[in-house]
Amino acid sequence: MTYVVVIVLLAFAFDFINGFHDSANAIATIVGTRVLSPTAAVLWAATFNFAAVFIGSTAVAKAVSSGFVSPSVVTPNVICAALLGAIVWNIITWYFGIPSSSSHAIIGGFAGAAVARAGFGALVWGRKWIETLSAIAISPLLGMLTGFVLMVIVYNVFRRATPRRIDKLFRPGQLVSSALLSVAHGTNDAQKTIGIIVALLVASKAKFAGETGLLSNLHVDSMETIPAWVKIGAFTAISVGTLFGGWRIVHTMGSRITKLRPVNGFCAETSAAIVILTASNLGIPVSTTHTITGTIVGVGATNRLSAVRWGVARRILWAWVLTIPAAAVISSVLYLVLARVISE
C-alpha cells in the first residue's frame, strides 16, 4: 500500500515538473513580446492552468489510462518506471533548454516499461497510437497553418493601422490569448497524469478493497472512474509547477525561433489554443510544446521565411522525434531495475 501511495505522489511530482517544464509553452510569447514580466506571466498562466479543472471532458485521461497499454500488464512497478523515465527525459531536455514534449515523454515511458515487463504484446495497437503518433507531425503543422492564416487575416484587417496602434490594441488582447492557451494546456496535459494515476489505482484495487478512512479513496474499480481528488491534485501540481517556470525554454520559445510583437503573440497563442482544445475534446493527447512552436513558426513566416531561425527549429524537431523512444528506453531500463529490487 505504501508503495502505491509513493507512486501517486511521484505522479504529482511528474505533473509539477510538467508544469515547470512546459510553462514556457503558455508564457514564452507573452514574455517575448514584453506584455508581461516573467513573474506576472507565470502567475497568469498558473491561474488559468488550474481553471481548466472546471472545463472540458476527461477523454484524454481515459485514453492514457487504457488506450496505449493493456490494463492487464499494468503494475505499480510499470507505472513507477514510466514516471521516472519521463521525469529523467524532462530534466535532460530542460537542462539543455530544448522544448520537448512532457506528454510524449509519459506515453513513451508508459509503453517502454510495459514492453520491458510483457513484450510488445503489452501495447494496445490501434486508434490512440495512430492519433498520438500522427499528432507529432499534424499538430505543429496545423498550428503553423492556423497561425499563418490568422496572422494574414489580422494583417489585412489592420493594414492601414500604424505599428504603434496595433501594439496598443494587441497588448491587452495577448492577455486573453495567453489565458486561453493556459486553459488549453491544463485541459490536455494535466489529464495525462490523471490517466496514469487511474491506471495505477485500478491495477492496485485489490490492495485497497475494504479499506476505510483516507485509504478508501485509493480504491478505484474502473478506468471510467476518476476520483475528484485525483483531478484536483493533478491540476494543482501542474499549476504550482508553472509558478516556478522553465526559464531556459522560455528563452528558446520566446526569442530564438523568431522575433515577436504583441500581435504575433496573440495570433500564435490563439491558434495553438484552438488546436489543443479541439484535440482535448476528441480525446487526443497532443503536445502543447509542438503546437505552440508550430504556431510561432507560422506567424514568423508571414513576414518572410528568413524571419524564422530554422536552425533552432531543426534542433527542436529532433527532440520531438526522439522523445517517445528515448523515454521508452529509459523507462524500460528502470523497470528492469525495479523488478529486481521490488517484488510484486
When you go through A105, A118, A111, A81 one by one, which is the residue that is small (G, A, S) and either surrounded by fewer than 20 Cβ atoms within 10 Å (Cβ to Cβ) or on the phi > 0 side of the Ramachandran plot (or both)?
A118
Here is a list: T75, T132. Which entry is of a type outside the set (A, V, I, L, M), under 30 Å from G300 (Cα atoms), crowded, with 17+ Cβ neighbours inside 10 Å and touching a helix residue (DSSP H, G or I) at 6+ places or on another chain (Cβ under 8 Å)?
T132
Evaluate the range 108-120: report whether one residue or more is among the β-branched types (V, I, T) and more than 24 Å from V275 (Cα to Cα).
yes
At least 2 residues that are over 27 Å from V297 (Cα atoms) and at pLDDT 80 or above in each: list the helices (runs of 4 or more DSSP H) lying fully within the range 188-262 that qualify.
191-203, 205-208, 228-244
Quick check on the range 77-108: of everything there that is in contact with a His (Cβ under 8 Å, 6 or more places away or on another chain) and in a helix (DSSP H, G or I), which residue is modelled with the lowest pLDDT?
W94
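The values are calculated or read from the model by the stated rules, or taken from the named source; none is laboratory data. Note that the structure is a prediction, hence the values are computed from the model and not measured. As a convention, Cβ positions derive from the backbone with ideal geometry for all residues, glycine included, and neighbour counts pool all protein chains shown.
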